[in-house]
Amino acid sequence: MHEELFSQIHNIGLVPVVKIDDASKAEGLAGALIKGGLPCAEVTFRTAAAEEAIKRISKAYPEMLVGAGTVINIEYAKKAVAAGAKFIVSPGFNPTVVDWCLENNIPVVPGVCTPSDIEQGLARGLTTLKFFPAEVSGGVDMLKNLAGPFPQLMFMPTGGISLANLASYAKQSNVLAVGGSWMVKADLIESESWDAISQICSEAVLALQGLEFAHMGINNENAQEAEKAIKGFEALGMFTKRGNSSVFMNTTIEILPKMYLGKNGHIGFRCFDIERTLAYLAKFGFTVNEETIARTPKGDIKVCYLNEELSGFAIHLVKA
Ligand code: 3PG
């Protein structure tokens, strides 16, 4: 159901949970989120300005994934959809709201925090649920435990998530995206500190990728040259691990017995989710080398290279 929307939310990976008091600030806020790499928001019906804010954002930025949050009754759901909300989120599992959304083909992400709540969603064919309030309901450990009986479900955890712990959630395979209000603090909206909001978003988006240096791959003209290098790195105290097509020195240097991708070689980076990181890197002009994509049995990208080189090195992405 609504695969395209959920795949877009997955690639963005982070949903700002917005509480806005003054609808005239909605366009400025949306612009700041987009600039910070987050073209999406859950605008909560915790204030009277929510409906108008959704309307303004949808008009100014039709591409933005603006949804409505805290939709605790059908009246809010109807208002949100009429205002342009592309999805409906609620803190708990309200069967009336969920059924209304399903009847009207509106994407809905109800909140759950127990297996009993989850089974209500399953019974209605939902595949994505909000896990709320995440931190106080068991956090990452709870998500790991839920993956056992409910392997088909994806969660959007919110409640107590911040820059400090977002990576621990993002790396869980049953997390579609994480959400939170820390990127959109009330005082920053009030003072129209759009640059500050964009900056907090950019930091969060980078942390979400889990990007870290993995290894450096060094090209050699031939196997003889490669062996010379291996001896040298062994003399420097590194441990040799021979693979099928290359040799690893410890885990950080890969010696290739040929001139492979990259003028000089390649640099490998780990990240949590390669599809998401490719979407992120596209904004910096990077593109994927399609021929190098390898997938897990589940179909996720396991490794790939980018087309663009940095200082003569190809960039290699490896799923963490
Ligand atoms: C929500 O409705 O999802 C939460 O209020 C967001 O939680 P947070 O404020 O702890 O980020």
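Points worth noting:
- Carbon/sulfur fraction of accessible area - the range 212-319, other protein chains in place, 1.4 Å, %: 57
- Across 218, 301, the residue with the most accessible area heads the list, and the full order at a 1.4 Å probe is 218, 301.
- The Cα center of the range 73-113 and the Cα center of the range 17-42 differ in position by 20 Å.
- Share, in percent, of DSSP beta bridges within the chain that are antiparallel, nearest 5: 40
- Most tightly packed first, judged by the mean number of other beta-carbon atoms within 10 Å of their residues, the peptides 239-247, 45-53, 83-91 read 83-91, 45-53, 239-247.
- Segment residue 286..residue 250, full-extension length gain: 10.1 nm, with 0.36 nm per residue of separation and the alpha-carbon distance subtracted.
- Listed residues 35, 258 arranged by accessible area, highest first, probe 1.4 Å: 35, 258
- Around the amide H of residue 214, modelled in the peptide plane, lie the amide H atoms of 268, 269, 270, all under 5 Å away and 5 or more residues distant in sequence or on another chain.
- Whole-Hz Karplus values for the range 277-285 come out as 5, 5, 5, 5, 5, 4, 5, 9, x Hz, taken residue by residue from phi with 6.51 cos²θ - 1.76 cosθ + 1.60 and θ = phi - 60°; glycine and proline positions read x.
- Relative contact order (%) - criterion: Cα under 8 Å, at least six apart; region: the range 1-86: 28
- Separation of alpha-carbon centers, the range 286-320 and the range 210-274, rounded to whole Å: 16
- Across all directions, the average projected area of the convex hull around the alpha carbons of the chain is 18.2 nm².
- Distances between placed amide hydrogens fall under 5 Å for residue 18 paired with 42, 43, 44, all partners being 5 or more residues away or on another chain.
- Distant-in-sequence amide H partners of residue 112 (H built 1.01 Å from N, under 5 Å): 130, 131, 132
- Ignoring lysines fewer than eight residues from residue 19 along the same chain, the ones with Cα atoms less than 30 angstrom from its Cα are 35, 55, 59, 78, 79, 86, 130, 144, 171, 185, 283.
- Of the solvent-accessible surface of the range 122-185, computed with a 1.4 Å probe and all protein chains present, 57% belongs to carbon and sulfur.
- Translational diffusion of the range 212-319, estimated by Stokes-Einstein from the Kirkwood radius over alpha carbon pairs at 4 °C in a medium of 1.567 mPa s, is 89 µm² per second.
- With a Förster radius of 41 Å applied to the beta-carbon distance between residue 163 and residue 224, the computed FRET efficiency rounds to 0.25.
- Largest accessible area first, the listed residues 276, 56 line up as 56, 276 when surface is computed with a 1.4 Å probe on the assembled protein chains.
- The range 212-319 - share of DSSP beta bridges that are antiparallel (%, nearest 5): 70
- Averaged per residue, the chain has 46 square angstrom of accessible surface, using a 1.4 angstrom probe with ligands and nucleic acids left out.
- Between 0 and 90 degrees, the angle of helix 74-83 with respect to the longest Cα principal axis of the chain falls at about 70 degrees.
The values are calculated or read from the model by the stated rules, or taken from the named source; none is laboratory data. The structure displayed is predicted, hence computed values, not measured ones. FYI the Cβ positions are ideal-geometry reconstructions off the backbone, even for glycines, and counts take in every protein chain you see. Accessible surface is based on the protein model in full, side chains and every heavy atom, while ligands, DNA and RNA are left aside. Shrake-Rupley method; radii C 1.70, N 1.55, O 1.52, S 1.80 Å.
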